[in-house]
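Asker: The structure is given below, and queries will be raised subsequently.
The values are calculated or read from the model by the stated rules, or taken from the named source; none is laboratory data. If you're wondering where the values come from, they're calculated on a predicted model, not measured in any experiment. Here the Cβ is made from the backbone with ideal geometry for all residues, glycine too, and neighbour counts use every protein chain on show. Note: areas computed on protein heavy atoms with side chains; ligands, DNA, RNA excluded. Shrake-Rupley method; radii C 1.70, N 1.55, O 1.52, S 1.80 Å.
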Amino acid sequence: MVINERDIRNETVLAAAQAVMAAARTAPKAKGRDTVEVAVVTGDDIGRLSATMVEMSGESGMKFLLRDADNIRQAQAVVIVGIREAQSTCGLNCGYCGHATCEAKPAEAPCVMNGVDVGIAIGSACAAATDLRVDTRVMFSAGWAARRLRMLGDADLVFAIPMSVASKNPFFDRKSPAKPAEGTEQKK
């Protein structure tokens, strides 16, 4: 039997995405509290994520959302990593949030340690992707759209890691669109 890499590329990226999700899951967390949520977006849901980014660009006037929306359509998978209960504190009274104690922190303000946890999970996930030689890029924009779509349920801080196996990494050397995508209007 001969299996051409091109014929199994999607399966290869999906297997890599599973390893990347495991790396995010096993990343260290402040005080051992596990509020990290991880999922993989594939197929038509990548299109739905991209369409939401285009919609958000029309609402906000942020052109980079159009570029990133086009960019994630080139991904075979998008891993999303987030934190639920970002406002809950770790009880460390570290003051990193700008308040002397956890009790002094406003209820709606996120605990910095939760943001650190999602960052460590993202770093661990990207390291796993690198080990597997899969191209990635961390995207706030696609994570923002995934949060809007509630792809990770009630996760508050969400980031996306599009993944690709191609001759050239599609997530670098990107050009901003010269004009808005069809059906969107940009604010000036």
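Asker: What whole-number value in cubic angstrom gives the convex hull volume per residue for the C-alpha atoms of region 49-88?
Answerer: Residue-normalised Cα hull volume stands at 86 Å³.
Asker: With no solvent and one equal point scatterer per Cα, compute the Debye intensity ratio I(q)/I(0) for the chain at 0.15 Å⁻¹ and report its log10, rounded to two decimals.
Answerer: -0.90
Asker: Turning to a different aspect of this structure: Measure out, as a whole number of angstrom, how far apart the alpha-carbon centroids of region 1-50 and region 72-98 sit.
Answerer: Cα centroid of region 1-50 versus Cα centroid of region 72-98: 17 Å apart.
Asker: I want to check a number: in the chain, how many lysine pairs have alpha carbons closer than 16 Å, given a sequence separation of 8 or more or different chains?
Answerer: 6
Asker: Follow-up question, since we're still on this one. Given a 1.4 Å probe and every protein chain left where it sits, what share in percent of the accessible area of region 7-85 is carbon and sulfur?
Answerer: Details: 1710 of 3430 Å².
Taking all protein chains in place, region 7-85 shows 50 percent carbon and sulfur surface.
Asker: Something else now. Tell me, what HN-Hα J-couplings in whole Hz come from the Karplus equation 6.51 cos²θ - 1.76 cosθ + 1.60 at θ = phi - 60° for each residue of region 36-51, using x for Gly and Pro?
Answerer: The phi angles translate into 6, 10, 9, 8, 10, 10, 9, x, 4, 5, 5, x, 5, 5, 4, 4 Hz.
Asker: How far is it, in nm, from the label point at ARG174 to the one at ALA109 when both lie 7 Å from their Cα along the line to the Cβ?
Answerer: Placing both labels 7 Å beyond Cα along the Cβ direction yields 3.2 nm.
Asker: Taking the square root of 5 times each eigenvalue of the Cα gyration tensor, what semi-axes in Å does the equivalent ellipsoid of region 3-93 have, largest first?
Answerer: Value: 29, 23, 8 Å, ordered largest first.
Asker: Restricting to DSSP H runs of at least four residues, report the calculated mean residue ellipticity at 222 nm for the chain, -39500 (n - 2.57) per run over all residues, nearest 500 deg cm²/dmol.
Answerer: One gets -12500 deg cm²/dmol as the mean residue ellipticity at 222 nm.
Asker: Taking amide H positions as placed 1.01 Å from N in the peptide plane, with prolines and chain starts having none, which residues 5 or more places from ALA77, or on another chain, fall under 5 Å of its amide H?
Answerer: When sequence neighbours closer than 5 places are left aside, the close amide H contacts are MET163.
Asker: Per residue, what volume in Å³ does the Cα convex hull of region 104-157 take up?
Answerer: Per residue, the Cα convex hull of region 104-157 comes to 88 Å³.
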